[in-house]
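K.L.:
Here it is, the structure, as structure tokens.
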Amino acid sequence: MKRTAVTVFALGASAALLVACSEPSEDVSTAETTTASSSANASDAAGEKVTITVYTSEPEEKVDEINKAFMEANPDIEVEVYRAGTGDLTARIEAEKASGSIEADVLWAADAATFETYAAQGDLAELEDVETSDIIEEALDAENFYVGTRIIPTVIAYNTEVVDQAELPTSWADLTDPKYAGQLVMPDPAVSGAAAFNASVWKNDPALGEAWITALGENQPMIAQSNGPTSQEIAGGGHPVGIVVDYLVRDLAAAGSPIDTIYASEGSPYITEPAGVFADSEKKEAAERYINFLLSVEGQEIAVEQAYLPVREDVGTPEGTPELADIELMTPDLEVVTADKAAAVEFFQNAMN
């Protein structure tokens, strides 16, 4: 297994960088507020349920499934959800901070770089009673302000009806081959948080760097707005090879689309969709119970059923997916990646024009 633990740093990055951070449901253009309810009558010591608010970028049907299972196991807690893309979540959080305090209890979205910045700004509480002994190192924060809940790698995807199986790319370097000119599609790092994160990871990778980004641009890839349209373009065959987060490929393949995944030999950049508790929360115990559920065997089995790679190795992986130990993951310096994100996005955009 070629993975190493992610080294984490306390960052002083500006809030503007957060808009470019990543999340699974980055196609969300408008925020949605949903309230999940439970039929159970169990109550807290005061005779009323505790209600926690979760800010998340999880797709609606997926977060609803998680919340239903959580409330069945914790009938004294009700979960309210504000769901949006990370940019909208960031704007809401900053507005609430400016007006007094953050109104949510849990943040469940994006990537470690985002949470590093929130932690450095004092917006997150240190986790006091969250069980992480069975969680893989890549998902852990050394300072214990947050913990990853999924492994979401960015991969090479291809249309199985269009691409010759004998000529499949196996690496990021392969995508610079002129034979892929006009055949590639990928999300816009100025819009997609995952793509922005990836641009900085690739730019700062010794084996790839600016030279690789420049060579990729020479193949004139189609730049889709985000990962969702990218995966659809690959599945439709218009641009049969692309760069996209892996769970979307599994979702489309399960629905019958001719699309499959290749994990690049150099390793895959990835996000962990962390969860943390806001320092302003007055319901930290309930909020930590929610995070514990996300990390539990039951919560992680739901994640696997939802096509995500888990953050523990005792629940398997989605059907047809390698074991976690067999997937090469890129583990960059988070401080460097976060600090260089804006410059990497600009370089990437210039290289693609």
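K.L.:
I'm checking my understanding of the structure. Among residues of the range 86-105 that are surrounded by fewer than 19 Cβ atoms within 10 Å (Cβ to Cβ) and among the hydrophobic types (A, V, I, L, M, F, W, C), which one is farthest from ALA190 (Cα to Cα)?
P.N.:
Checking each candidate, the answer is ALA98.
K.L.:
Still on this structure, please answer the following. Please determine whether any residue of the range 307-315 is touching a Gly at 6+ places or on another chain (Cβ under 6 Å), part of a helix (DSSP H, G or I) and at pLDDT 95 or above.
P.N.:
no
K.L.:
Right, another one. Within the range 16-25, identify whether any single residue is in contact with a strand residue (DSSP E or B) (Cβ under 6 Å, 6 or more places away or on another chain), within 19 Å of ALA275 (Cβ to Cβ) and modelled with pLDDT under 95, and answer yes or no.
P.N.:
yes
K.L.:
How many residues does the range 172-192 contain that are among the small types (Gly, Ala, Ser) and assigned to a helix (DSSP H, G or I)?
P.N.:
Matching residues across the range 172-192 total 1.
Yes/no matrix, rows are residues, columns are (1) outside any loop (DSSP other than H, G, I, E, B); (2) buried (at least 21 other Cβ atoms within 10 Å of the Cβ); (3) not hydrophobic (A, V, I, L, M, F, W, C):
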site	(1), (2), (3)
ILE156	yes, yes, no
ALA194	yes, yes, no
ASN198	yes, yes, yes
GLU210	yes, no, yes
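K.L.:
Same structure again: Under 7 Å by Cβ, and 6 or more places apart or on different chains, what pairs join a residue from the range 177-193 that is under 17 Å from TRP212 (Cα atoms) with one that is among the charged types (D, E, K, R) and surrounded by 13 or more Cβ atoms within 10 Å (Cβ to Cβ)?
P.N.:
Listed pairs, sorted by first residue: VAL185/GLU233.
K.L.:
Still on this model: Looking at (1) in contact with a strand residue (DSSP E or B) (Cβ under 9 Å, 6 or more places away or on another chain); (2) surrounded by fewer than 20 Cβ atoms within 10 Å (Cβ to Cβ); (3) assigned by TED's automatic domain parsing to the domain that holds LEU107, find the lone condition where ILE262 falls short.
P.N.:
Exception for ILE262: condition (3).
K.L.:
Do you know which of the residues in the range 106-139 that are among the polar types (S, T, N, Q) and out of contact with any strand residue (DSSP E or B) (no Cβ under 9 Å at 6 or more places or on another chain) is surrounded by the fewest Cβ atoms within 10 Å (Cβ to Cβ)?
P.N.:
SER133
K.L.:
Checking TYR55 against (1) surrounded by fewer than 21 Cβ atoms within 10 Å (Cβ to Cβ); (2) of a type in the set (Ser, Thr, Tyr); (3) modelled with pLDDT of 95 or more; (4) closer than 18 Å to ARG150 by Cα, which single condition isn't satisfied?
P.N.:
(1)
K.L.:
Would you be able to say whether some residue in the range 87-96 is modelled with pLDDT of 95 or more, within 21 Å of PHE145 (Cβ to Cβ) and aliphatic (A, V, I, L, M)?
P.N.:
Yes - at least one qualifying residue is present in the range 87-96.
K.L.:
Next up: Going through ALA344, ALA287 one at a time, which residue ends up being surrounded by 19 or more Cβ atoms within 10 Å (Cβ to Cβ), within 21 Å of ALA120 (Cβ to Cβ) and assigned by TED's automatic domain parsing to the domain that holds VAL245?
P.N.:
ALA344
The values are calculated or read from the model by the stated rules, or taken from the named source; none is laboratory data. The shown structure was predicted, so the numbers you read here are calculated from the model rather than taken from an experiment. Cβ atoms come from the backbone with ideal geometry, glycine included; neighbour counts cover every protein chain shown.
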